[in-house]
Amino acid sequence: MATDSIQYDVLAREALRHVVREVLELARNEGLPGEHHFFITFQTRAPGVSMSDNLRAEFPEEMTVVLQHQYWDLEVTDEQFSVKLAFGGVPRELVVPFKAVTAFFDPSVQFGLQFTSNLTEEDAPTPGPAEVDISEDDKKPDEPGEVVSLDAFRKK
């Protein structure tokens, strides 16, 4: 069997991560169109992931967040995205490198991607702040965000 010197699997995985990046940029620039919303699963201990210690204690390995109604300050770069979500009514910022993402699902159109991870320390972008200070003037959510497991959507 020939050796894959081109590493097609790595190229394909990066191309699919680019799809996630483009979708999040669309949501950042134009909002979520129609009924679209996203379930994004990521490794919480992956290099570059920034989140509160409380959330990391609750989700020590993997976490799924939903971007639908209650999210703020979505930012997207080539390497990562950051977003503020409410957990128990408390806004928290998450910074997630795209290489930490293990699954992306848009249930409105039944579109999903799953990724294997091969993260290393040098893959990590510079992490953002673990906690976000919210002043009284900042927008506060009416209800908490939702964290769900993608297992319900995976084919067995």
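The values are calculated or read from the model by the stated rules, or taken from the named source; none is laboratory data. Because the structure is predicted, anything quoted here is derived from the model rather than measured. Cβ placement follows ideal geometry from the backbone for every residue including glycine, while neighbour counts extend to all protein chains displayed. Keep in mind that these areas ignore ligands, DNA and RNA; they rest on the heavy atoms of the full protein, side chains included. Shrake-Rupley method; radii C 1.70, N 1.55, O 1.52, S 1.80 Å.
For the set Asp53, Asp4, solvent exposure ranked by accessible area (probe 1.4 Å, protein chains only) runs largest to smallest as Asp53, Asp4. When only the Cβ of Lys, Arg, Asp and Glu is charged (+1, +1, -1, -1), the dipole of segment 1-50 relative to its Cα centre reaches about 220 debye. Expressed in nm to one decimal, what extension gain is obtained for the pair Arg56 and His37 from 0.36 nm per residue of sequence separation less their Cα-Cα distance? Using 0.36 nm per residue and subtracting the Cα-Cα distance, I get 4.5 nm.
Largest accessible area first, the listed residues Glu14, Glu25 line up as Glu14, Glu25 when surface is computed with a 1.4 Å probe on the assembled protein chains. Between the amide H of Phe115 and those of Ala103, distances stay under 5 Å, these residues lying 5 or more places away or on another chain, with hydrogens modeled in the peptide plane.
Which net charge results for the neighbourhood of Leu113, defined as the other residues with beta-carbon distances under 11 angstrom from its beta-carbon, given Lys and Arg at +1 and Asp and Glu at -1?
Details: positive: Arg13, Arg17; negative: Asp106.
Combined, the nearby Lys, Arg, Asp and Glu give +1.
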